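> Mind having a look at this structure? Questions to follow.
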Amino acid sequence: QVQLVESGGGLLQPGGSLRLSCAASGTIFTINAMGWYRQAPGKQRELVAIIINEDTTNYVDSVKGRFTISRNSARNTMYLEMNSLKPEDTAVYYCYAKRTVITGPESYDYDYWGQGTQVTVSS
């Protein structure tokens with residue numbers, strides 16, 4: 001099992017910056033991907049950024065150049081640095097982790113989620 005706890009959300013004005021953190025605990029040595037999703041009111045949850053095997057990153061187009069995802073494995077923590085925030089970035093942000101377990105010829109993926117942290121960008 002993996003437990004994820006987010007922190008760092010808040011209310012800020014457009015153009016501001018914020019850093020979200022996600023602390024992972026439990027069976028973390030088999031985590032091969034971590035990421036951030038967000039869900040705005042009335043919208044589906046969307047992938048914002050993901051880091052795979054600690055070195056490959058991908059971002060949704062709307063945040064490219066503004067957000068940076070990183071992972072500090074030694075501290076079991078993942079971060080999302082958000083700059084030039086816009087009102088449309090307002091959402092609940094969720095930490096996500098995928099753990100892969102290989103047993104003989106079979107592999108099993110397990111998905112884990114944090115409880116979410118609110119980010120509100122408003123003037």
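> Assuming residue 83 fulfils every condition listed in (1) open to solvent by 40 Å² or more (accessible area, probe 1.4 Å); (2) closer than 24 Å to residue 25 by Cα; (3) of a type in the set (S, T, N, Q) apart from one, which condition is it?
(2)
> Also, I was wondering about something else. Working only within the stretch 31-48, note down all residues that are open to solvent by less than 30 Å² (accessible area, probe 1.4 Å) and either within 19 Å of residue 3 (Cβ to Cβ) or part of a strand (DSSP E or B) (or both).
Passing the criteria: 31, 33, 34, 35, 36, 38, 48.
> Looking at the stretch 49-73, which of the residues that are out of contact with any Leu (no Cβ under 7 Å at 6 or more places or on another chain) and open to solvent by less than 40 Å² (accessible area, probe 1.4 Å) is nearest to residue 116 (Cα to Cα)? Reasoning before the result, please.
Filtering the stretch 49-73 down to residues out of contact with any Leu (no Cβ under 7 Å at 6 or more places or on another chain) leaves 50-59, 61-66, 68, 70-73.
The next check asks that each one be open to solvent by less than 40 Å² (accessible area, probe 1.4 Å); those that pass are 50-51, 63, 66.
Numbers: 50: 16, 51: 18, 63: 19, 66: 21 Å.
Going through the qualifying residues, I end up with 50.
> Pairs under 8 Å by beta carbon, first residue basic (Lys, Arg) in the stretch 1-28, partner open to solvent by 20 Å² or more (accessible area, probe 1.4 Å) and not in a loop (DSSP other than H, G, I, E, B), six or more apart or different chains?
19/79; 19/81
> While we're on this one: Can you tell me how many residues in the stretch 68-123 are small (Gly, Ala, Ser), closer than 17 Å to residue 19 by Cβ and not in a loop (DSSP other than H, G, I, E, B)?
2
The values are calculated or read from the model by the stated rules, or taken from the named source; none is laboratory data. Since the model is a prediction, treat every value here as computed from it, not as a measurement. Positions of Cβ are backbone-derived with ideal geometry, glycine not excepted, and every protein chain shown enters the neighbour counts. Quick note on the areas: whole protein, heavy atoms, side chains included, nothing else; ligands and nucleic acids left out. Shrake-Rupley method; radii C 1.70, N 1.55, O 1.52, S 1.80 Å.
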